[in-house]
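Quick notes on the structure that follows.
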Amino acid sequence: MRFSSSVLALVAVKTIHAATHNVAVGQDGLAYTPNTTYANIGDTVIFSFYPINHNVAQGPFETPCQDGNGNGISSGFISSSEGVANRTFQITINDIKPIWFYCSEKVGGGHCSKGMVGVINPPQGDNQTLAHYAASASNVSTTSYSEPKQVQLGVVVENSAGNNTSVTSASSGSATPSATAGSGSSDGSSSYGGSTTSMSSGAGTKKTNGASYIDARRWGVGAVAGGLALALL
């Protein structure tokens, strides 16, 4: 029983230490603030959207403003007429591989080409820098822009504190409530139709178009504490 208690304690520590990183999309003009985020495995990154119309799309470093094979993170377009939108896009980091992302809005000459790019966990010690990525993006025509046509590898979560918002991406896209991000490939989790997840006031309960699931990270500490108590008896 001592071994079981040790394992549960390690799980509890890992759960408690998971961090949340916030990224403002368009709050400071055509930019992600911050445009560089360092996150550990298990951390959550929350993108909050500001006027007028933006998205978060992942693509290869070599081809900025394009989604490559289309298997990376994608928020769909989320717009707000004033202030922060009432929806956020949330991802969970699954590994520490770089995630290069951009806004593929074409209005005004193209947001990506004008420097609206960012990165999670940039590589260290080589020439793949955000500055180089942005410089390459400045030469990309909007006719070459691409993005996944659905929400993927993350969830769009309703936020009652935000202002009126419309999601301009296809509503038939699928969101994966337990989706993780990092390598840019789907983890094979079950998907629900639609792309909007609402947060309820209950502890860790979310609903996605009527389908409910339990946020394991919120319940994790309680479950581990209960397991420890049983293991020590």
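Every read-out reported here was derived from the displayed coordinates using simple, explicitly stated rules and does not represent laboratory data. Just so you know, these numbers come straight off a predicted model, no measurement behind them.
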What does the C-alpha gyration tensor say about the overall shape of the range 76-118? Classify as rounded when a/c is under 1.5, otherwise prolate if a/b is larger than b/c, or oblate. oblate
Val117's amide H: which non-local residues (gap 5+, or another chain) put their own amide H closer than 5 Å, with H modeled 1.01 Å from N in plane and none for Pro or chain starts? Tyr32
Would you give the gap between the C-alpha center of the range 38-64 and the C-alpha center of the range 91-127, rounded to a whole Å? 6 Å
For the range 96-113, Karplus-derived ³J(HN,Hα) couplings (6.51, -1.76, 1.60; θ = phi - 60°; whole Hz; x for glycine and proline) come out as 9, 5, x, 10, 8, 9, 7, 9, 9, 5, 8, 4, x, x, x, 5, 4, 5
